[in-house]
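Colleague: Quick one: the structure is below, questions incoming.
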Amino acid sequence: MSRLKNTIIQIHNLLGTFLSLMFVIWFLSGFVLIYAGFPHASRKERFMHLSSLNQTDFDSIQAPPHSFSGKVELEKLNDRPVYRVYKGRKAQKVYDAITLKECDFATEQEAINLAEDFSGAKTASVEKIKELDQWMPWSYYRPLLPFYKCTMADDEHTRIYISAKSGSIVQETTRKSRWLGRLGAIPHWIYFKSLRLKTGLWLDVVTWISIFGVLVSLSGLIAGFIRLRRKRKDESISRYSPYRKFWHKWHHITGFVFGLFVFTFILSGLVSVTDIPQWMVPIHNKKSVKRIWNQKLDLDQHASANLKELWKAIDNGTPVRKVVFKTVQNQPAYWVYRNHYEKPDVYVFTENEIVSKPKYNKEEIDSWCKKVLSNVEYSLKSQDEFDAYYQKSGMWERPLPIWQLNLNDPDDTRMYINSKTGEVVKSFTNNERWRRWLYRSLHTLDFPFLKQHDWLRKSLLILLSIGGTLVSLSGLVLGIKWMKRSTRRKRRKFA
């Protein structure tokens, strides 16, 4: 038994020495991430800077042809109507909606005009870059290269990245957001460009660091209990520890108090880059039910629709910034975006006319469920507020009310269906529920009560992060001292 104890302590001492600096970086950068994430161009601002479509545009444009494959959107680019056809997460081709010819690359002057209109400042310099840089360290942006990097002459030192292929803004940073990124997201998520662009390698690095981190924190918890001594009534809390040296004692005490949080933090970080194992929570249905429900666009169904009639249906005096072509419940649909980038007005083509669709009622949701998910028992109810799984999001709009559809399948699938658009917004299987609790709840204290009282959630995060920093910092000092002692012993050995 004593050998096992010594082994656990040795594992903690050895791995902790090499990972303590990483732990310190994670906790310190975590303070920044509570308030500021990785910089990005505001989706709302980009949307609001789109020019409005008008009747003249709809009198001239042609319907999207069958050759368009993927998501199809109609908007304006350089004061002309264009179709954006998406074939991946970011990959897209842009076509003139009048001639249906693929648009040429955006010119430098067009990029300057867009950047100045977006920022309200003059352009100080423009650089055409052919490789992704630190502020776009994701490989899925490569199809949009090259970029015009426009540095603006404003007090915020704004930089705007515009794709020459799509003619649209893909990133915006300021001096403040760049520094917050350097202090927060980049070190915390290990978002160094040369590593992050190699997605497989990045995942391996983060996964293995997290695995060793779990071993360090778990062995530290066990070692802390092994070394714990009973305190007498008249003794201070520091007497719980058998150590007399300052750093040893306070690493033991802070580790005992905050060690569980450190362990759950590292474990949840590991879950963020890995899947919940099949042996733990199996996934029975390999095909996503959400994808079955949300149909791919079928342009054949849109072929007989007259776009002039579409304008007559959607023109109500409010600007139209974007139209998305959809197929919903086997019916051609148009999502018309006016003054909100995530709340469209919905129109459907039925019986040779285009009409407004206020919402999808229970009978329609029920009918479509029976059609695409036959032989599956289910329950359907309206939901007017957020719950533990369907929550507010800082990145995406979460509409209410929605339809909550619970399937009696092996995965206990639950889907949240937008009553306005008829499409699934979020879905969860048992495996995804486990991941939600093991990652978001343990990593960011994303519990329903705390989400409703965000000031309390952030206060607890700060308090626990201070504790985690103290544990890690004291471990770092002990690790440095251990390495110095080892170096001195080796020098004396070979002297």
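The values are calculated or read from the model by the stated rules, or taken from the named source; none is laboratory data. Please read all numbers here as calculations on a predicted model, not as lab measurements. Methodologically, a virtual Cβ is constructed for each residue, glycine included, from the backbone with ideal geometry; neighbour enumeration extends over all protein chains shown.
Colleague: Among the numbered criteria (1) hydroxyl-bearing (Ser, Thr, Tyr); (2) out of contact with any Leu (no Cβ under 8 Å at 6 or more places or on another chain); (3) modelled with pLDDT of 90 or more, which single criterion is violated by Ser486?
Modeller: (3) is the only condition that Ser486 fails.
Colleague: Looking at Lys149 and the list (1) surrounded by fewer than 19 Cβ atoms within 10 Å (Cβ to Cβ); (2) among the basic types (Lys, Arg); (3) touching an Asp or Glu at 6+ places or on another chain (Cβ under 9 Å), which single condition is not satisfied?
Modeller: (1)
Colleague: Find the residue count for segment 301-314, including only residues that are within 37 Å of the chain's Cα centre (by Cα) and farther than 14 Å from Ala333 by Cβ.
Modeller: Our first condition is that a residue be within 37 Å of the chain's Cα centre (by Cα); within segment 301-314, this holds for 301-303, 305, 307, 310-311, 313-314.
Applying the additional criterion that residues be farther than 14 Å from Ala333 by Cβ yields 303, 307, 311.
Here the count works out to 3.
Colleague: For segment 49-64, indicate whether the set of residues that are without any contact (Cβ under 8 Å) to a residue 40 or more places away in the chain and either of a type in the set (Val, Ile, Thr) or not in a loop (DSSP other than H, G, I, E, B) (or both) is non-empty.
Modeller: Scanning segment 49-64, I find at least one residue that is without any contact (Cβ under 8 Å) to a residue 40 or more places away in the chain and either of a type in the set (Val, Ile, Thr) or not in a loop (DSSP other than H, G, I, E, B) (or both), so the answer is yes.
Colleague: Name every residue in segment 118-132 that is assigned to a loop (DSSP other than H, G, I, E, B) and surrounded by 14 or more Cβ atoms within 10 Å (Cβ to Cβ), in order of residue number.
Modeller: Ala121, Leu132
Colleague: Do you know which of the residues in segment 183-197 that are outside any helix (DSSP H, G or I) and in contact (Cβ under 8 Å) with a residue 24 or more places away in the chain is surrounded by the most Cβ atoms within 10 Å (Cβ to Cβ)?
Modeller: In the first step, residues of segment 183-197 are kept if they are outside any helix (DSSP H, G or I); the result is 184, 190-192, 197.
When the remaining residues are screened for being in contact (Cβ under 8 Å) with a residue 24 or more places away in the chain, the result is 184, 191-192, 197.
Working: Gly184: 22, Tyr191: 19, Phe192: 14, Leu197: 17.
Filtering segment 183-197 for residues that are outside any helix (DSSP H, G or I) and in contact (Cβ under 8 Å) with a residue 24 or more places away in the chain, the one surrounded by the most Cβ atoms within 10 Å (Cβ to Cβ) comes out as Gly184.
Colleague: Only one of Asn6, Asn13, Asn54 is assigned by TED's automatic domain parsing to the domain that holds Ser474 and surrounded by 13 or more Cβ atoms within 10 Å (Cβ to Cβ); which?
Modeller: Every option except Asn13 fails the conditions.
Colleague: List the residue pairs whose Cβ atoms are under 6 Å apart, where the first residue sits in segment 327-342 and is within 20 Å of Asn306 (Cβ to Cβ), the second is of a type in the set (Ser, Thr, Tyr), and the two are 6 or more positions apart or on different chains.
Modeller: Once the first residue is within 20 Å of Asn306 (Cβ to Cβ) and sits in segment 327-342, its partners that are of a type in the set (Ser, Thr, Tyr) give Tyr334/Tyr347.
Colleague: Pairs, please: C-beta under 8 Å, at least 6 apart or cross-chain, first residue at positive phi and in segment 92-121, second modelled with pLDDT of 95 or more and among the hydroxyl-bearing types (Ser, Thr, Tyr)?
Modeller: Taking only residues 6 or more apart or on different chains, the pairs are Leu100/Tyr83.
Colleague: Residues in segment 370-377: is at least one surrounded by 15 or more Cβ atoms within 10 Å (Cβ to Cβ) and without any contact (Cβ under 8 Å) to a residue 60 or more places away in the chain?
Modeller: Within segment 370-377 (the criterion being surrounded by 15 or more Cβ atoms within 10 Å (Cβ to Cβ) and without any contact (Cβ under 8 Å) to a residue 60 or more places away in the chain), the answer is no, since none of the residues qualifies.
Colleague: Something else: Between Phe23, Phe58, Phe27, which is at pLDDT 90 or above, over 21 Å from Gly259 (Cβ atoms) and of a type in the set (Phe, Trp, Tyr)?
Modeller: Phe58
Colleague: Yes or no: segment 128-144 includes at least one residue that is touching a residue at least 40 places away in the same chain (Cβ under 8 Å) and among the acidic types (Asp, Glu).
Modeller: Yes, there is a match, as at least one residue in segment 128-144 is touching a residue at least 40 places away in the same chain (Cβ under 8 Å) and among the acidic types (Asp, Glu).
Colleague: Which members of segment 94-113 meet the condition of being over 12 Å from Ser166 (Cα atoms), among the polar types (S, T, N, Q) and either part of a loop (DSSP other than H, G, I, E, B) or touching a strand residue (DSSP E or B) at 6+ places or on another chain (Cβ under 7 Å) (or both)?
Modeller: Passing the criteria: only Thr99.
Colleague: Determine which member of the set Asn418, Asn406 is surrounded by fewer than 17 Cβ atoms within 10 Å (Cβ to Cβ), in the same structural domain as Ser393 (by TED's automatic domain parsing) and closer than 30 Å to Asn361 by Cβ.
Modeller: Result: Asn406 is the single residue among Asn418, Asn406 that is surrounded by fewer than 17 Cβ atoms within 10 Å (Cβ to Cβ), in the same structural domain as Ser393 (by TED's automatic domain parsing) and closer than 30 Å to Asn361 by Cβ.
Here's the yes/no breakdown for (1) part of a loop (DSSP other than H, G, I, E, B); (2) surrounded by 15 or more Cβ atoms within 10 Å (Cβ to Cβ); (3) in contact with a strand residue (DSSP E or B) (Cβ under 8 Å, 6 or more places away or on another chain):
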{"residue": "His284", "(1), (2), (3)": "yes, no, no"}
{"residue": "Thr318", "(1), (2), (3)": "yes, no, no"}
{"residue": "Trp335", "(1), (2), (3)": "no, yes, yes"}
{"residue": "His340", "(1), (2), (3)": "yes, no, no"}
{"residue": "Val346", "(1), (2), (3)": "no, yes, yes"}
{"residue": "Phe349", "(1), (2), (3)": "no, yes, yes"}
{"residue": "Tyr360", "(1), (2), (3)": "yes, yes, yes"}
{"residue": "Trp368", "(1), (2), (3)": "no, yes, no"}
{"residue": "Phe386", "(1), (2), (3)": "yes, yes, no"}
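Colleague: Now, a different point. Out of the residues in segment 397-434 meeting the condition of being more than 21 Å from the chain's Cα centre (by Cα) and β-branched (Val, Ile, Thr), tell me which one is nearest to Phe386 (Cα to Cα).
Modeller: Ile402
Colleague: With the condition kept exactly as written, say whether any residue in segment 269-284 is farther than 30 Å from Ala223 by Cβ and among the aromatic types (Phe, Trp, Tyr).
Modeller: No; the residues of segment 269-284 include none that is farther than 30 Å from Ala223 by Cβ and among the aromatic types (Phe, Trp, Tyr).
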